[in-house]
Each structure stands twice: as C-alpha cells, then as structure tokens.
Amino acid sequence: MKITQSINRNALMIASCSFLLGTIILLMHMIIPWDQIIVIGLFYVIIAIVLNGITLIGLIANSIINYHNSKENLTTIGIFLLNIPITIGYFLIVANNPFPKTFLA
C-alpha cells in the first residue's frame, strides 16, 4: 500500500522511531547495570506519550477531513496504535525483570 498523505508518512516515521528508541532503552536496561536507565526510560515514555498523543489527534482529524482516503488513514492509525501494547509489554518486562541481574553484572 502506498502512503500518499504526508501526515500519514510522518506518523509512521514517529511510530517507527518511538518503537526503535523504546527497544534500545529496554535492551540497554537488560544489558547494562546502570540504574539511571530506568529514569531515562520513564522520561522517554512521558515524552513519547505526549508526542504520540498529539500525532494521534492529528491523524484522527486528518481521517475526518480526508475521509475519501479512509483505508490509508485507518491503516496508519492502526499501525500507529500498535505502539501501545508494545509499550505495555516493555513496561511489564522492566517491572517483572526475568533476569535477577543484568547480563553484564
């Protein structure tokens, strides 16, 4: 499917970057024995919630305004919303760390 609207391309870029940064922070937490990574991760989650929330509002407004591109708009919103369960899963991994010590400790 070709993405023709720039707001949808930007939203997918934001979703991809959010996913990658979140994954990098999770992996750093699992590998590096540094307690400040949790604080960095929490700040990142707060910033990501605000940025993604604003973007989601823009996507919803775009889907109302450009209703003739509903398939593209709904697909973008669906992909964009996939970050929510991923973030919850990452949070549960950190909260219930399956490794008592980090890999390098």
Does anyone have the angle between helix 36-65 and the longest principal axis of the chain? Alpha-carbon axes, 0 to 90°, nearest 10?
-> 10 degrees
In degrees, nearest 10, the alpha-carbon axis of helix 6-31 is tilted away from the dominant principal axis of the alpha carbons of the chain by 10 degrees
Bin by bin, in steps of 5 Å, what percent of the Cα pairs in the stretch 6-95 do you find, going until the bin that has the longest distance?
-> 3, 13, 24, 21, 14, 11, 7, 4, 2, 1, 0
What number, in percent, do you get for the relative contact order of the chain if the mean sequence gap of Cα pairs under 8 Å and at least 6 apart is divided by its residue count?
-> 45 percent
Helix 83-95 versus the longest principal axis of the chain: what angle, 0 to 90°, nearest 10, using Cα atoms?
-> 10 degrees
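Here, each number is a calculation from the coordinates, and none is a lab measurement. Only a predicted model underlies this, so the values are computations on that prediction, with no experimental measurement involved.
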